[in-house]
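Have a look at the structure below, then the notes.
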Amino acid sequence: MPRHIPPAPPFDVAEYEMRIDALRRALREAEIDVLLVTAPVNLCYLTGYVASWYAPRLPVGVLVSAHVPELVVVDWSRHADYVPLIALHDEVLLVDYGTAAEELVEGLARRGWAEGRIGLEWSAPNPVAGVLRDIAGGLARLGADVVSGDYLVDDLRVYKSAAELDRIRRAGGMLDEAFEELRTRLRPGMTELEVSALITTLLAERGSEVPAQHALVSSGPTAWADVHAFPSRRVIQRGEVVSVDACAVVDRYHANLSRAFVVDGENPRAEELLAAGAASLAVLCREARLGESPAPAMAAAERALRARVAPENVWWVGGYGLGIAFPPSWVGHTYLADDGPRRAVLRPGYVSNFETVLYDRTAGFEAAAIDTVVATEAGLAPLSRVPRELLHT
């Protein structure tokens with residue numbers, strides 16, 4: 001039976017087939033016979049499947065065999081008509097609340113896939129641990145050797161293809177345009193909620209999809225402390241520094257940008273801190289070496305920053321891998337400091353953000369900047385053309 005192709009897949013089918021073939025090779029190297037992929041990012045990478053909600057009690061995912069080419073998408077029975085619209089697949093295994101684990105195990109057994117070594121993505125954000133535990137128990141009772149399949153797909157996603165980089169660059173262009181317009185429209189008297197809604201609208205007008213997290217807006221004397229808070233009803237005052245952190249999204253591929261604005265005023269101290277952050281980014285890109293860990297370049301960038309900025313003014317400096325993302329996070333599993341759950345090597349196609357989140361507690365402001373950086377044959381470079389300086393409204 002020919003593989004089902006959805007009406008308008010985001011990428012060419014050949015791109016998906018390349019990814020699936022790479023995963024099957026990785027499975028054979030790891031001596032895993034079947035992998036149950038349940039991380040939404042990995043399901044999207046392999047099949048194009050996207051949804052606004054992944055029920056925590058359902059193992060929505062795809063079964064991939066190391067030995068046969070069939071893809072079996074696992075989804076909620078109420079999505080029977082949705083899967084053909086959105087996902088590359090050969091078969092669909094439909095499950096329901098309360099019986100999902102049992103139905104999945106039975107489905108594997110019917111296909112003769114409930115033997116040998118079966119990998120589960122234990123570190124995936126869903127389904128919840130209890131569902132995976134029940135699946136693992138059911139498979140073990142049938143004689144399967146249940147093993148970890150964590151990061152097999154994630155590691156394949158680290159280095160972006162030309163088609164993936166095209167999406168990220170388009171997203172970066174949307175961000176630049178939206179931030180440049182935001183600079184002309186940000187005014188005293190707006191609330192953080194209104195600023196977040198405005199940057200989201202500006203991005204949507206340029207074709208950006210819903211991001212993995214709402215746009216962050218931090219203002220006022222505790223901005224650095226509540227950097228991960230929801231935008232609030234706080235009214236922005238004349239002369240305040242406002243940090244806006246957002247992602248633009250094309251086919252679920254995120255580019256990240258944050259800039260600091262001063263609203264109808266001046267702040268020379270914030271200018272100094274942002275200049276130090278800009279210099280740190282330049283050091284990171286200059287010191288990055290293809291074929292090596294990004295850690296030495298990251299360490300050099302941090303040293304350069306801390307040579308100009310006192311420790312009490314540094315909230316964080318660093319970066320993490322970017323790519324496909326779904327709520328609640330766009331954070332990848334590799335870090336520029338190379339201290340994440342998996343190690344990284346800089347190669348063409350590596351995409352990360354780079355953050356310098358600086359603040360002055362006494363003066364009561366945050367001066368944050370974030371750029372998306374992309375590795376090419378020429379080295380590491382930022383995407384954005386928006387100056388990494390205090391932007392005056």
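The values are calculated or read from the model by the stated rules, or taken from the named source; none is laboratory data. This structure is a prediction, so every number in the text was calculated from the model and none was measured. Cβ sites come from the backbone with ideal geometry, for glycine too, and all protein chains shown count toward neighbours. When the accessible area is computed, the model is the full protein with side chains, heavy atoms only, and any ligands, DNA or RNA have been set aside. Shrake-Rupley method; radii C 1.70, N 1.55, O 1.52, S 1.80 Å.
See the values below:
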| read-out | value |
| --- | --- |
| Global form of the stretch 71-208, assessed from the alpha-carbon gyration tensor, a/c cut-off 1.5 | prolate |
| The stretch 211-256 - Rg (one decimal) and Dmax (whole number), Cα, Å | 12.3, 38 |
| Gyration tensor verdict on the stretch 161-203 (Cα atoms; rounded if a/c is under 1.5, prolate if a/b is larger than b/c, oblate otherwise) | prolate |
| Neighbour count of at most 16 Cβ within 10 Å plus DSSP loop: longest chymotrypsin sites (Phe, Trp or Tyr not before Pro)-free window in the chain | 123-393 |
| Accessible-area composition of the stretch 1-61, carbon plus sulfur, in percent [1.4 Å probe] | 56 percent |
| Å³ per residue enclosed by the Cα convex hull of the stretch 234-340 | 145 Å³ |
| Once the Cα gyration tensor of the stretch 307-372 is diagonalised, semi-axes √(5λ) in Å | 26, 14, 10 |
| Ratio of the Cα radius of gyration of the chain to 2.2 N^0.38 Å, where N counts its residues | 1.06 |
| Where the chain is the region considered: accessible area per residue in Å², 1.4 Å probe | 41 Å² |
| Radius 14 Å from Cβ of Ser280, net charge of other residues (Lys, Arg +1; Asp, Glu -1) | -1 |
| Distance (nanometres) between label positions extended 7 Å along Cα→Cβ at Trp53 and Asp145 | 4.1 nm |
| Efficiency of FRET from Cβ geometry, Trp122 and Thr191, R₀ 51 Å, rounded to 0.05 | 0.80 |
| Inter-label distance, nm, simple model (7 Å from Cα along the C-beta direction), Ser77/Thr99 | 0.6 nm |
| Extension gain (nm, one decimal) between Val235 and Arg3, 0.36 nm per residue minus Cα-Cα | 78.1 nm |
| Shape metrics for the stretch 25-105, restricted to C-alpha atoms - Rg then Dmax, Å | 12.3, 36 |
| Carbon + sulfur, % of accessible area of the stretch 304-371 - ligands and nucleic acids excluded, 1.4 Å | 51 percent |
| At 1.567 mPa s and 4 °C, Stokes D of the stretch 150-303 from Kirkwood alpha-carbon radius, µm² per second | 75 µm²/s |
| Label-point separation, Val68 to Ala295 (7 Å along Cα→Cβ), nm | 4.3 nm |
| Helical contribution to [θ] at 222 nm, DSSP H n ≥ 4, -39,500 (n - 2.57), averaged over the chain, rounded to 500 | -10500 deg cm²/dmol |
| Whole-number D in µm² s⁻¹ for the stretch 1-160, Kirkwood Cα-pair radius fed into Stokes-Einstein, 37 °C, 0.692 mPa s | 213 µm²/s |
| Accessible area of the stretch 174-258 belonging to carbon and sulfur atoms, whole % at 1.4 Å probe | 54 percent |
